[in-house]
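Report on the structure given below.
The values are calculated or read from the model by the stated rules, or taken from the named source; none is laboratory data. Quick caveat: nothing in here was measured; it's all calculated off a predicted structure. Using ideal geometry, Cβ is built from the backbone for each residue, glycine included, and neighbour counts are taken over all protein chains shown. These accessible areas exclude ligands, DNA and RNA; they are computed on the full protein's heavy atoms, side chains included. Shrake-Rupley method; radii C 1.70, N 1.55, O 1.52, S 1.80 Å.
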Amino acid sequence: MEIIHTVAELRERLDGHRANGETVGFAPTMGALHHGHRSLMAAAAEHNDVGVMSIFVNPLQFAADEDLDTYPRMLEADTAMAESVGVRYAFVPSVNEMYPEENWTTVSLRVVTEPWEGDSRPTHFAGVATVVTKLFNIVGPCRAYFGEKDYQQLAMLRRMAADLNQPVDVIGMPTIREDDGLAMSSRNLRLLPEHRAQAHVVSAALRAGIAAIDAGERNPDAVESVIRAHLTEATHAEDPDYVAAVDASSLLVPEQLSGDVRVLTAVRFGDVRLIDNMGTTIAGEPNT
Ligand code: AMP
């Protein structure tokens, strides 16, 4: 595996591969890699001729009071994991390489970015959409792999690639979980032991919401109540930032659930904010 630090070098390598008729798979990350990231990198490497991953902690997507400075950084372990799943290139640019000048251009989306994470983190999604657009422009035509773990981000990026005709196939990959159901996240490292011991309630609560839908519940407010009731079992969890049952592509709450549905939540344990979601499909019912 080759570690590449500059835009020009990565472009040159990947243009060369495409000129030979090879396909490119891309897995963007912020590092501190765990098995969730590993599944994206493995898919990029296995389902394409050339696998590329990137590690870049993007300042643009962190608000001033967020954890940019303390975000975990562990480059050696990360590149070893990328190499172990067959990735050919790790793109590790500096902040100056990605933003040599003050950034005057921002990509932002309406509707899908407005509720939920958008409410709690008003500048976050524009930061993500902007850096992912830059990465897509640097990597060029490819399949790009993102986790369902960050479901609203995935829905935004699918829509962005379609709206802007980006030459990228955005592919969602299932959430990888710990044995007790906690969705893997680089931020889990910062949970205190007593918080870690209770964090399984987040996925258990979402599973209960999905079970209610699968049993025939179609009222999104009723599904929300089921999830909230389960979350109150954790004494260390603060009131969730949000709980919702939504349409899987717009992320809006419909009057009645139908088609592809997602349940979403964000819960704080101490300083650590955990997000998670799950999906189901209501088959064979006409939309109301
Ligand atoms: P991050 O490094 O947190 O920006 O995440 C990079 C990519 O890994 C994003 O597409 C995430 O959705 C994905 N990811 C993070 N955690 C998981 C997980 N537990 N399972 C699957 N994908 C994940």
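Percent of accessible area on the range 100-172 owned by carbon and sulfur, 1.4 Å probe?
47
Taking Cα atoms, how many degrees apart are the long axis of helix 220-231 and the longest axis of the chain, rounded to 10 and kept between 0 and 90?
90
From zero up to wherever the largest Cα-Cα distance of the range 2-173 sits, split into 10 Å bins and tell me the percent of pairs in each.
Going from the shortest bin to the longest, the percentages are 10, 40, 40, 11, 0.
Using only Cα atoms, find the angle between the long axis of helix 151-163 and the longest principal axis of the chain, and express it within 0 to 90 degrees, rounded to the nearest 10.
50
If you average the sequence gap of Cα pairs under 8 Å that are 6 or more apart and divide by the length of the chain, what percent do you get for the contact order?
Contact order relative to length: 16 percent.
Using a 1.4 Å probe on the protein heavy atoms, what percent of the accessible area of the range 182-256 belongs to carbon and sulfur?
Heavy-atom surface of the range 182-256 belonging to carbon and sulfur, 1.4 Å probe: 51 percent.
At 222 nm, what helix-only mean residue ellipticity would the chain give, in deg cm²/dmol to the nearest 500, using -39500 (n - 2.57) for each DSSP H run of four or more?
-10500 deg cm²/dmol
In the range 2-173, what percentage of the DSSP-assigned beta bridges are antiparallel, given to the nearest 5?
Counting DSSP beta bridges with both partners in the range 2-173, the antiparallel share is about 0 percent.
Could you tell me which chymotrypsin sites (Phe, Trp or Tyr not before Pro) in the range 95-126 are loop residues by DSSP with no more than 16 other beta carbons within 10 angstrom of their beta carbon?
Answer by residue number: Trp104.
In the range 125-256, with Lys and Arg counted as +1 and Asp and Glu as -1 at Cβ, which of these residues, Leu157, Ser249, Ser203, has the Cα nearest the positive end of the dipole, that is, farthest along it?
Farthest along the dipole direction, towards plus: Leu157.
What whole-number value in Å² describes the accessible area per residue of the chain for a 1.4 Å probe?
47
Could you work out how far helix 35-46 tilts from the main Cα principal axis of the chain, as a 0 to 90 degree angle to the nearest 10?
50
Work the Kirkwood hydrodynamic radius out for the chain: mean of 1/r over every pair of different alpha-carbon atoms, inverted, in Å.
So the Kirkwood estimate lands at 19.9 Å.
Compute the distance from the alpha-carbon center of the range 48-86 to that of the range 167-195, in whole Å.
Distance between centres, Cα-based: 14 Å.
With unit charges on the beta carbons (Lys and Arg positive, Asp and Glu negative) and the dipole taken about the Cα centre of the chain, which residue among Gly36, His230, Leu264 sits farthest to the positive side?
Going by the charge dipole, the pick is Gly36.
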